[in-house]
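Chemist: Can you keep this structure in mind? I'll have questions shortly.
The values are calculated or read from the model by the stated rules, or taken from the named source; none is laboratory data. These numbers were taken from a predicted model, which means no experiment stands behind them. Every residue, glycine as well, gets a Cβ built from its backbone with ideal geometry; the counts of neighbours run over all protein chains shown.
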There are 4 protein chains.
Amino acid sequence: MTDPFTYSRRVQFSETDMAGIAHFANFFRWMEEAEHAYFRSVGLSVRTEYQEMEIGWPRVSTSCEFFVPARFEDQLQISVGIVKMGEKSISWEITFSRDGTRLAVGKATTVCCIWSNKGLESIPIPAEIRLKLNPA
Amino acid sequence: MTDPFTYSRRVQFSETDMAGIAHFANFFRWMEEAEHAYFRSVGLSVRTEYQEMEIGWPRVSTSCEFFVPARFEDQLQISVGIVKMGEKSISWEITFSRDGTRLAVGKATTVCCIWSNKGLESIPIPAEIRLKLNPA
Amino acid sequence: MTDPFTYSRRVQFSETDMAGIAHFANFFRWMEEAEHAYFRSVGLSVRTEYQEMEIGWPRVSTSCEFFVPARFEDQLQISVGIVKMGEKSISWEITFSRDGTRLAVGKATTVCCIWSNKGLESIPIPAEIRLKLNPA
Amino acid sequence: MTDPFTYSRRVQFSETDMAGIAHFANFFRWMEEAEHAYFRSVGLSVRTEYQEMEIGWPRVSTSCEFFVPARFEDQLQISVGIVKMGEKSISWEITFSRDGTRLAVGKATTVCCIWSNKGLESIPIPAEIRLKLNPA
């Protein structure tokens, strides 16, 4: 796995539910936020112009296991790293912690695609982007 | 005002917050849902191709007053009508009720625009669309 | 698996993203909506008073695979069934379709819990609730 | 008005819509985030134990005017100040900017309430809280 990048995020009131905890669907939004922060941390954006093409990274699968609830105003540490970089796809692992306690672990697989009027088409990850995302 | 159109909507768990009630920001999503249901009820979509242009209706202002909280699994009656149709804009009024009790009242002003690569440009509401939205 | 229950849901504008498709995190909100509709279809609510206890069903894990994007105003058919009912937990499978095309498949495991001031405590699924959820 | 407090917030992908801009309902979530950050900046939380009571601040009305769209990855400067503090309520004004350009202006009125099993009850803003929120 790449050295994980840590994204810090406070739980907002609108992200809680009537059970008094953060609603689980927000963990998927936060995973994506962390991935995008990872892209920025290496000088990229998840939405990139590349050789006059518009590149994006739709998700083909994602999952999350929940161990301990997150609560309003918690400052989460969201650690995101690449566990595998295939020809066209990236497998991510994301760990959510608060004060050293692990709250949840998520996984996601995203695919490098060109967005056009004709829709989405997967492409091999361009070498320059590959190198920035995973310098190892 | 046009005869109001009623859109029915159940409050979902993900729309509640830790105060045990529907989070206020959802009322703005529900207003928009009701407006779009109104468009469909007259045979339109809020996103329309018109003479090879892509028409949309961005919002320039909106507000809501809250009287009584909405709760999980409440079946809301959302009544939406046009209070004024200007040359380029529509003023909406939206009332949220549950079993005859008025919970909230919202207002919104949306502007008829063409979406293009150059961005948004407001246009006079085309006559055909105007007639469908407000037959009076 | 139990006979699947089908919940119908239109994709709303606020659920789309700048890629022009429904944002993936909404599939997790929709899964939960469908589970809760399943509870209602058998005369229960996901939040139940039972012998003066407040019962809820937090999620310990969930996942989704995405095959085809959902788009604005799509009318989704969300089929939800119970694939396994353990002593304390339920495993759900949820299939998202549009006009017979399968868009995505999700899974979730939820645990029967009592909510109290002391927090969450898992309990065996009460026999009455078990029978209603899975009459087979 | 109190000296405005500035809260910085990046627009996330899940907050965009198919028009390619931030969905308007998010401005209401961001206003609330900024208000809560204001509370923290003066050593309070919007959810406070006070003399064994649970205090909260539900919203009775809110509005927003939109001038310029916000886009993915924009770093917003959200300036929040108190324009009026009544006996039981606070009137807020919130300005959204990006690189010195004003994108939107919102208003909100929140009421000091006790949350109990019996529901919400408005109370005079306790002197200690009043002094921290508006030291002038």
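Here is a yes/no grid of residues against (1) over 14 Å from D:S8 (Cα atoms); (2) β-branched (V, I, T); (3) modelled with pLDDT of 95 or more:
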{"site": "D:F24", "(1), (2), (3)": "yes, no, yes"}
{"site": "D:V42", "(1), (2), (3)": "yes, yes, no"}
{"site": "D:R47", "(1), (2), (3)": "yes, no, no"}
{"site": "D:I55", "(1), (2), (3)": "yes, yes, no"}
{"site": "D:E73", "(1), (2), (3)": "no, no, yes"}
{"site": "D:I82", "(1), (2), (3)": "yes, yes, yes"}
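Chemist: C:A25 passes all but one of (1) within 13 Å of chain A (Cβ to nearest Cβ); (2) in contact with a strand residue (DSSP E or B) (Cβ under 8 Å, 6 or more places away or on another chain); which number fails?
Modeler: Among (1) within 13 Å of chain A (Cβ to nearest Cβ); (2) in contact with a strand residue (DSSP E or B) (Cβ under 8 Å, 6 or more places away or on another chain), the lone unmet condition for C:A25 is (2).
Chemist: Hey, does segment A:99-110 have a residue that's surrounded by fewer than 16 Cβ atoms within 10 Å (Cβ to Cβ) and over 23 Å from C:L120 (Cβ atoms)?
Modeler: no
Chemist: Ok, one more. Listed residues D:S97, D:S91, D:S79; which is in contact with a Pro (Cβ under 8 Å, 6 or more places away or on another chain) and within 21 Å of D:P4 (Cβ to Cβ)?
Modeler: D:S79
Chemist: How many residues are within 13 Å of chain A (Cβ to nearest Cβ) and either in contact with a Phe, Trp or Tyr (Cβ under 9 Å, 6 or more places away or on another chain) or not aliphatic (A, V, I, L, M) (or both) when one looks only at segment C:93-120?
Modeler: Looking only at segment C:93-120, we keep the residues that are within 13 Å of chain A (Cβ to nearest Cβ), and these are C:103-111, C:113-120.
When the remaining residues are screened for being either in contact with a Phe, Trp or Tyr (Cβ under 9 Å, 6 or more places away or on another chain) or not aliphatic (A, V, I, L, M) (or both), the result is C:103-111, C:113-119.
Looking only at that region, the number is 16.
Chemist: Mind listing just one residue for me: the one in segment D:98-107 that is among the aliphatic types (A, V, I, L, M) and out of contact with any helix residue (DSSP H, G or I) (no Cβ under 6 Å at 6 or more places or on another chain) and, of those, nearest to B:P58 (Cα to Cα)?
Modeler: D:L103
Chemist: Right, something else. Of the residues in segment B:60-76, how many are among the small types (G, A, S), within 27 Å of C:V46 (Cα to Cα) and at the interface with chain D (Cβ under 7 Å from one of its Cβ atoms)?
Modeler: Number satisfying all stated conditions: 0.
Chemist: Any residue in segment A:123-131 that is in contact with a Gly (Cβ under 9 Å, 6 or more places away or on another chain) and more than 10 Å from chain C (Cβ to nearest Cβ)?
Modeler: yes
Chemist: Considering segment B:68-92 alone, what residues qualify as being surrounded by fewer than 19 Cβ atoms within 10 Å (Cβ to Cβ) and of a type in the set (V, I, T)?
Modeler: The answer is B:V68, B:V83.
Chemist: Can you tell me how many residues in segment C:20-63 are free of Cβ contacts under 8 Å to residues at least 24 places away in the same chain, of a type in the set (G, A, S) and closer than 30 Å to D:T16 by Cα?
Modeler: Final tally of qualifying residues: 1.
Chemist: Does segment B:3-10 contain at least one residue that is away from chain D (no Cβ under 14 Å), on the phi < 0 side of the Ramachandran plot and basic (K, R)? Explain how you work it out, then say what you get.
Modeler: So in segment B:3-10, the residues away from chain D (no Cβ under 14 Å) come out as B:3-10.
Subsequent filtering for residues that are on the phi < 0 side of the Ramachandran plot retains B:3-10.
The next check asks that each one be basic (K, R); those that pass are B:9-10.
Yes.
Chemist: Follow-up question, since we're still on this one. Being more than 30 Å from D:C112 (Cβ to Cβ) and of a type in the set (S, T, N, Q) is the filter here, so list the residues in segment B:1-20 that pass it.
Modeler: Those that are more than 30 Å from D:C112 (Cβ to Cβ) and of a type in the set (S, T, N, Q): B:T2, B:T6, B:S8.
Chemist: So which residues in segment B:20-60 are crowded, with 21+ Cβ neighbours inside 10 Å, over 26 Å from B:P126 (Cα atoms) and among the small types (G, A, S), if there are any at all?
Modeler: Within segment B:20-60, B:A22, B:A25 qualify.
Chemist: Any chance you could count how many residues in segment D:111-123 are surrounded by fewer than 11 Cβ atoms within 10 Å (Cβ to Cβ) and in contact with a helix residue (DSSP H, G or I) (Cβ under 9 Å, 6 or more places away or on another chain)?
Modeler: Matching residues across segment D:111-123 total 0.
Chemist: Still on this structure, please answer the following. Among the residues of segment A:36-54 satisfying the criterion of being within 9 Å of another protein chain (Cβ to nearest Cβ) and either within 23 Å of A:D74 (Cα to Cα) or basic (K, R) (or both), which is farthest from the chain's Cα centre (by Cα)? Don't jump to the end; show me each part of the working.
Modeler: Quick first cut of segment A:36-54, residues within 9 Å of another protein chain (Cβ to nearest Cβ) only: A:36-37, A:40, A:45-47.
Those left that are additionally either within 23 Å of A:D74 (Cα to Cα) or basic (K, R) (or both): A:36-37, A:40, A:47.
Values: A:H36: 6, A:A37: 8, A:R40: 12, A:R47: 13 Å.
Top of the filtered list is A:R47.
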